[in-house]
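Below: one structure, written as structure tokens.
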Amino acid sequence: MLAAPVILLAGCSPQQSALHPAGVDAHELANLFWFMSAAGFVVWLIVMGAAIYAVLGRRKPTSERFGDNFILIGGVAFPTIGLAILLVFGLSLLPSWGRDDVPELRVHVQAEQYWWRLSYELRDGSRLETANELHLPVDAVIEFALTSSDVIHSFWIPALGGKMDAIPGRTNLLRLEPTKPGIYRGVCAEFCGPSHALMAFPVEVHDADGFAAWLEAEQRPASDVGSGTFLAAGCGACHTVRGVTEISSIGPDLTHLAARGTIGAGTLPNNADQLLAWISSPDHIKPDARMPPYESLPESDRRAIVDYLVSLK
Ligand code: CUA
């Protein structure tokens with residue numbers, strides 16, 4: 001009994017709440033929700049009023065004319081007009097951008113089993129690849145080009161706006177405009193396998209300077225100091241560490257892994273103990289994850305890999 005409200009209230013965390021909007025679309029959706037809820041409450045009051053009147057009201061029969069009008073107004077006119085108003089209000093919120101509007105930033109998002117491959121389009125046309133943690137500038141229109149490598153996933157940042165499916169073989173475009181700097185949480189919103197619920201991504205919305213600083217730091221190549229065991233164990237066959245390994249497009253890019261807040265796509269806090277647990281047996285933490293377990297490596301080797309990973313700021 002005590003746990004129930006705690007669990008329910010945990011769902012009200014503003015980091016992942018469509019009712020604590022921090023983006024243009026999220027504001028419109030929250031308004032739609034409150035408008036629909038209020039309209040639904042009014043309808044409920046009218047229906048309950050009529051029901052109470054029917055049970056407790058006077059027992060004398062009403063005229064046939066009153067009955068006809070009651071059905072015509074209450075059963076035909078009121079729902080038709082009421083639903084039409086709600087429909088028009090809902091349709092007015094559909095995105096209205098055309099092909100000629102150019103977004104201020106484009107991020108390519110490829111959903112994987114079970115993580116997010118992110119690729120920022122830079123001003124010079126090149127791409128900056130990262131994973132599982134989005135950094136966005138405030139008050140800018142950002143276009144997400146969504147696709148998937150395996151099954152249908154859905155990209156959703158409740159505090160910033162609506163969700164959209166990531167579908168293999170096609171690219172869906174979603175535009176969001178954050179209005180408030182802060183840390184939010186995005187999730188996969190389409191069941192995609194046993195670790196669907198472990199496919200989240202922190203979202204940090206920066207002011208313009210903060211975003212420029214992040215972008216600049218993220219573009220720097222990594223240091224190879226201490227990378228010996230990481231390379232010898234073959235980690236570079238799947239993971240890119242820019243400046244240290246060849247470019248690989250199998251696992252998440254690890255160039256600035258230590259700068260991220262979580263590992264395993266929002267699953268664990270990013271620290272040495274959790275990294276060791278993750279490398280040893282990712283499948284126990286995240287069922288069906290593609291990364292193989294490295295329990296067979298001596299613990300000293302695994303620790304040496306962790307030491308290198310935590311140095312990748
Ligand atoms: Cu990916 Cu659910």
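Odds and ends about this structure:
- Mean-position separation - Cα centroids, segment 51-87 and segment 154-229, in angstrom: 51 Å
- The packing ranking, built from the mean of other Cβ atoms within 10 Å per residue, places the peptides 141-152, 241-252 in the order 141-152, 241-252, highest first.
- Computed with a 1.4 Å probe over protein heavy atoms only, the accessible surface of segment 18-91 comes to 78 Å² per residue.
- Share of carbon and sulfur in the accessible heavy-atom surface of segment 233-313 [1.4 Å probe, %]: 55 percent
- In order along segment 66-76, phi translates into HN-Hα couplings of 4, x, 4, 5, 4, 5, 5, 7, x, x, 10 Hz, rounded to whole numbers, per the Karplus curve 6.51 cos²θ - 1.76 cosθ + 1.60 with θ = phi - 60° and x for Gly and Pro.
- Taking the charge dipole of the chain about its Cα centre, with +1 at Lys and Arg Cβ atoms and -1 at Asp and Glu Cβ atoms, the residue from Ser223, Phe70, Ala259 reaching farthest to the positive side is Phe70.
- The residues of segment 157-217 expose, per residue, 43 Å² of accessible area to a 1.4 Å probe.
- Within the chain, the whole DSSP H helices whose Cα atoms reach 24 Å or more along their own axis and whose mean Kyte-Doolittle score is at least -1.0 are 24-56.
- The GNM of the chain, with springs linking C-alpha atoms under 10 angstrom apart, assigns the highest mean-square fluctuation among Thr262, Thr179, Thr80 to Thr80.
- Rg(Cα) / (2.2 N^0.38 Å) computed for segment 18-91, rounded to two decimals: 1.54
- Of the residues Pro287, Pro61, Pro202, the one that moves most in a GNM of the chain with alpha-carbon contacts below 10 Å is Pro61.
- Reach of Lys180 by Cα under 21 Å, taken over lysines that are not fewer than 8 positions away in the same chain: Lys163
- Proximal aspartates and glutamates to Lys286, defined as alpha-carbon separation beneath 14 angstrom and excluding residues fewer than eight positions away on the same chain: Glu112
- Of the solvent-accessible surface of segment 18-91, computed with a 1.4 Å probe over protein heavy atoms with every protein chain present, carbon and sulfur atoms account for 78 percent.
- Semi-axes of the equivalent ellipsoid for segment 228-311, Cα gyration tensor, largest first, Å: 17, 15, 14
- Note that segment 151-162 has calculated 3J(HN,Hα) couplings of 10, 7, 10, 9, 9, 9, 10, x, 6, 9, x, x Hz, one per residue in order, obtained from phi through the Karplus relation 6.51 cos²θ - 1.76 cosθ + 1.60 (θ = phi - 60°); glycine and proline are x.
- Projected-area mean, the chain, by convex hull of Cα positions, square nanometres: 22.5 nm²
- When shorter helices are ignored and each DSSP H run of at least 4 residues is given -39500 (n - 2.57), the per-residue value for the chain at 222 nm works out to -10000 deg cm²/dmol.
- Under a Gaussian network description of the chain, with springs only between Cα atoms under 10 Å, the residue in Gly210, Gly74, Gly90 that fluctuates furthest is Gly74.
- Phi to ³J(HN,Hα) by Karplus 6.51 cos²θ - 1.76 cosθ + 1.60 over segment 240-251, Hz, x for Gly, Pro: 8, 10, 4, x, 10, 10, 5, 6, 10, 10, 9, x
The values are calculated or read from the model by the stated rules, or taken from the named source; none is laboratory data. Remember, it's a predicted structure, so these values are computed and weren't measured experimentally. For neighbour counting, all protein chains shown are included, and Cβ atoms are generated from backbone atoms with ideal geometry for every residue, glycine included. Ligands, DNA and RNA are stripped out before the accessible areas are found, and what is left, the full protein with its side chains, is counted by its heavy atoms. Shrake-Rupley method; radii C 1.70, N 1.55, O 1.52, S 1.80 Å.
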